[in-house]
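Q: Okay, handing you the structure first.
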Amino acid sequence: MGRLLQFAALAFALALAALPTVAGEREPGAKLKVVTTIPDLADIVREVGGERVEVTSIARGKENLHNVISRPSHLVALSKADILVQVGLSMEMGFIPALLEGCGNPQVRPGGKGFINASDGWQPIQVPAVLTRQGGDLHPQGNPHMNIDPRAGRHFALRIAEGLSVVAPEWKAEFETRRDAYLARLERAEKRWLEFAREWRGRKFVVYHQEFNYLAEVYGLQIVANLEVKPGIQPTPNHLAQVIETMKREQCTVIATALWSKNDFVARVAEATGAKVVELPNMCGGIAGTDSWIAMLDLVHARLAAAFGTPVPPVQ
Ligand SMILES: [Zn+2]
């Protein structure tokens, strides 16, 4: 992937050099061209930006967030973008640095006025005591999967409204009004989700990758094991045997997995333990009915309730 992208970047840089216009010069009143790394952020940019923004997302929803494949079309989009929104916390370190290197658009790089790091100000969990990438650890700054935290919508909306206003201050009041309307919807959604989670405290589950730890933390769920040896390191037979033993000892009967996970390992553990497998979205768009961030979290809560056998609150 790296070499292909480098080649594409070189070809692209040569093509850019031949163009008369320079990236980052927006016509007054023109829509903001926004690129986001994941569809969750694209949804919230649309909520806050309304008709003032045109948004595309690099990831589509089915990928492993640590292994999104970069394409020349992403370079083109970034070269023309006014704004890039990423989660940060090293979530996108596998693909964003090369794209930013190749796109020839300093405005959307860290430090540029069109760069929004949506995790700014967020307190990550699972921050390693010693910063190391040894052994392929993909979470060097703590757990980056904050988009599955029911409180993340609020955090993203605040960062995005600030960031859009930096690039288009003429629409600041409009962005703030739309942000506040979205925050009100989020408040209602968060109440609904709390109803789902009423009986979840202390419930146990196992995950393939550490994507659902914020959810566990918010509701007092216990993740008793990870199928991966560590983030990014596939299960080994020894490790799986330990997971099976732990699940039996802890009487854990639920395994949460995502579309991209190595689900043959998941199936093997489920068979050995009799556990139920619940497939959860790890971002918007990969599973039908999850195009909006709120709808995605609704689905996460509904599927977990079904897996735990806990009551589903009436539709409000
Ligand atoms: Zn991860």
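The values are calculated or read from the model by the stated rules, or taken from the named source; none is laboratory data. Everything numeric in this text was worked out from a predicted model, so none of it was measured. Cβ atoms come from the backbone with ideal geometry, glycine included; neighbour counts cover every protein chain shown.
Q: Return the total of residues in region 286-309 being of a type outside the set (D, E), more than 16 Å from E190 (Cβ to Cβ) and not in a helix (DSSP H, G or I).
A: Of the residues in that region, 6 qualify.
Q: Related question: Taking into account only those residues within region 286-315 that are closer than 23 Å to R154 by Cα and touching a strand residue (DSSP E or B) at 6+ places or on another chain (Cβ under 9 Å), which is surrounded by the fewest Cβ atoms within 10 Å (Cβ to Cβ)?
A: Only one residue tops the list, namely R303.
Q: Continuing with this model, one more query. Taking F175 as the residue in question, decide whether it is away from the ligand (no atom under 16 Å from the Cβ) and under 12 Å from G88 (Cβ atoms).
A: Details: away from the ligand (no atom under 16 Å from the Cβ): yes; under 12 Å from G88 (Cβ atoms): no.
No; evaluated as a whole, the condition is false for this residue.
Q: Still on this model: Being buried (at least 21 other Cβ atoms within 10 Å of the Cβ), of a type outside the set (S, T, Y), farther than 21 Å from P140 by Cβ and at pLDDT 95 or above narrows it down to one residue among V206, V224, V218; which is it?
A: Only one candidate passes the filter, namely V206.
Q: Which of (1) of a type outside the set (S, T, Y); (2) surrounded by fewer than 17 Cβ atoms within 10 Å (Cβ to Cβ); (3) part of a helix (DSSP H, G or I) does A189 not meet, given it meets every other one?
A: So A189 meets the others, but not (2).
Q: Only one of (1) charged (D, E, K, R); (2) farther than 22 Å from N213 by Cα; (3) in contact (Cβ under 8 Å) with a residue 12 or more places away in the chain fails for R46. Which number is that?
A: (3)
Q: Go through region 40-72 and give me each residue that's under 16 Å from I116 (Cα atoms) and in contact with a Leu (Cβ under 9 Å, 6 or more places away or on another chain).
A: V45, V48, G49, V53, E54, V55, S57, I58
Q: Further, regarding this structure: With (1) free of Cβ contacts under 8 Å to residues at least 24 places away in the same chain; (2) touching a helix residue (DSSP H, G or I) at 6+ places or on another chain (Cβ under 9 Å) as the list, and A216 as the residue in question, which single condition is left unmet?
A: For A216, the exception is condition (2).
Q: From the list G88, G114, G61, G49, which one is surrounded by fewer than 21 Cβ atoms within 10 Å (Cβ to Cβ) and either closer than 28 Å to L183 by Cα or not assigned by TED's automatic domain parsing to the domain that holds R179 (or both)?
A: G61
Q: Within region 280-306, count every residue that is among the aliphatic types (A, V, I, L, M) and over 19 Å from F205 (Cβ atoms). Let's see the steps before the verdict.
A: Step one: filter region 280-306 for residues among the aliphatic types (A, V, I, L, M), giving 280, 283, 287-288, 294-297, 299-300, 302, 304-306.
Narrowing further to those that are over 19 Å from F205 (Cβ atoms): 283, 288, 294-295.
So the count comes out to 4.
Q: Scan region 197-214 and tell me whether some residue there is within 16 Å of the ligand (Cβ to nearest atom) and over 14 Å from A258 (Cβ atoms).
A: Checked against the condition, which is being within 16 Å of the ligand (Cβ to nearest atom) and over 14 Å from A258 (Cβ atoms), region 197-214 yields at least one hit.
Q: Would you confirm whether or not region 166-176 contains a residue that is within 30 Å of A256 (Cα to Cα) and buried (at least 22 other Cβ atoms within 10 Å of the Cβ)?
A: no
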